[in-house]
There are 2 protein chains.
Amino acid sequence: MLDAGEELFAERGFEATRLEDIALRVGIRRASLVYYYPDKRRLYDAVLARVLGDLHARLEEALASEAPLPARIEAAVSAWVEFVGRRPALARILLREAAAAPQRRPALAVHTQAFTALVQRHVLDRPEFRRERLAPIDPVHVASTVVGSTVFLVAAMPALLPGGRHEPLGKAQLAAHEEEMLRVVRRLLGY
Amino acid sequence: MLDAGEELFAERGFEATRLEDIALRVGIRRASLVYYYPDKRRLYDAVLARVLGDLHARLEEALASEAPLPARIEAAVSAWVEFVGRRPALARILLREAAAAPQRRPALAVHTQAFTALVQRHVLDRPEFRRERLAPIDPVHVASTVVGSTVFLVAAMPALLPGGRHEPLGKAQLAAHEEEMLRVVRRLLGY
DNA sequence: GTCTATAGAGAGATAGAC
DNA sequence: GTCTATCTCTCTATAGAC
């Protein structure tokens, strides 16, 4: 049910997705959805909460290890790329949320806070981080670059490749992208 | 009229945008829109055609100059960043189109062709390009990185910055991003 | 060109049986 | 839990006056 919603909301957007289609994919009728979620918006919220929760858990795992700081950051970037590569619906959902005017994304706002807190706790607040000689770059800019190029690649690129082969993106391309992201982060963080 | 459509389609998406709102912004009534565009989809197509046409013209200007190849490529990247920075609605529209499942973006398909042809003609087909010692990287990947990180930054970042200041993105941040994109392109193209 | 008025379709939400 | 049936609303599209 959340699976069906995740896929359809991602591919069509909230407004264009019909509850009928979600129900059909699950194998029940539209009215039966109400038994689980009182309305469309709450179903969407549940989809968003689940996928972002999963991502959050994965990133926390990478960031909270015992390894030194640069290795932990790189592990988080790798985890991110791998996670999105395996779950392209997240890429599409983030693209759509990013496209919406800021005042039109109340659902996402709650979650972004959790991610900034995560980075704050495991990176920015750490004494090792303060000792790093950083390039004079806004960390939000770094995050935006990594997130933006990854989601765009995962969502848009398969269709642009010759041969008509779509999802999922090839392993080689994903690995190349991961390398590229690591390079960007290393340079921006100045180590 | 195209201005109003561009902004609203960008911020809300095609489905969620009401013709009523577009008409209101123009200062006429909904039914009067029909005099110019027979239906909603054609208005959207016209919006897309205009903004992508403008971008195409700007990029062609940058790519068709007499300068040597690396300089022309860099000019195109700079033109791209500057163009999107001044027209954030394009960023949002591209984000939405990228998010849509491939088979659900007939409108964009026509235009992407024009851009790949542009690159083909002014870059890939040039003998100078063939002589370059390139990193073994897919040019589509390069384009995806530049486009994706820029549109995401322009659309999403203003809201993430402290102070509640939204659009447009500050000049300093845009300039920093442009530098970053140039660096990525230079490295990926191997010069 | 722009309007008012209305038709018509589609979709979410609700009621209540089984 | 899942269904059928229906209500209600919103929005696009159309007709036709000015």
**OP:** Quick one: grab the alpha carbon gyration tensor of region A:97-160, order the square roots of its eigenvalues as a ≥ b ≥ c, and give me rounded if a/c is under 1.5, else prolate or oblate depending on whether a/b is larger than b/c.
**Re:** oblate
**OP:** For region B:85-109 and region A:33-81, write down the distance between their C-alpha centroids in whole Å.
**Re:** 25
Subject >> Anisotropy class of region A:83-131 from Cα gyration tensor, a/c 1.5 cut >> reply: oblate
Subject >> Stokes-Einstein D in µm²/s, Kirkwood radius over Cα pairs - region A:32-76 at 4 °C with 1.567 mPa s viscosity >> reply: 104
Subject >> region A:1-76, relative contact order [Cα under 8 Å, separation at least 6], % >> reply: 26
**OP:** Between copies, how far apart are the B:Asp54 label points? List them in nm, one decimal, shortest first, with each point 7 Å from Cα toward Cβ, please?
**Re:** 3.9
Original post:
What nm distances, shortest first, do you get from the label point of A:Gly170 to those in the other copies when the point sits 7 angstrom along Cα to Cβ?
Top reply: 4.2
Original post:
How high is the FRET efficiency from A:Ala75 to A:Asp54, r the C-beta distance, R0 22 Å, rounded to 0.05?
Top reply: 0.85
Original post:
Is any helix in chain A, taking whole DSSP H runs, at least 20 angstrom long along its axis by alpha carbon and on average at least 1.0 on the Kyte-Doolittle scale, and which ones?
Top reply: A:106-119, A:139-160
Subject >> Stokes-Einstein translational diffusion, region A:10-116 - Kirkwood Rh over all Cα pairs, 1.306 mPa s, 10 °C, in µm²/s >> reply: 102
Original post:
Do you know the relative contact order of chain B, to the nearest whole percent, from alpha carbon pairs under 8 angstrom that are 6+ apart?
Top reply: 24
Original post:
Label points 7 Å out from Cα along the Cβ direction at B:Leu118 and B:Asp3: separation in nm?
Top reply: 2.3
Original post:
Semi-axes of region A:48-191's equivalent ellipsoid from the Cα gyration tensor, sqrt of 5 times each eigenvalue, largest first, rounded to whole Å?
Top reply: 25, 19, 14
**OP:** Sort shortest first the distances from B:Pro136 to its counterpart in every other copy, using label points 7 Å along the Cα-to-beta-carbon line, and give them in nm.
**Re:** 3.9
Subject >> Global size of the protein assembly as shown as Cα Rg and Dmax, reported in angstrom >> reply: 21.2, 66
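Where a number appears in this text, it was derived from the coordinates with a stated rule and is not lab data. Fair warning: this is a prediction, and the values are worked out from it, not measured in the lab. Backbone-built Cβ (ideal geometry, glycine too); neighbour counts: all protein chains shown.
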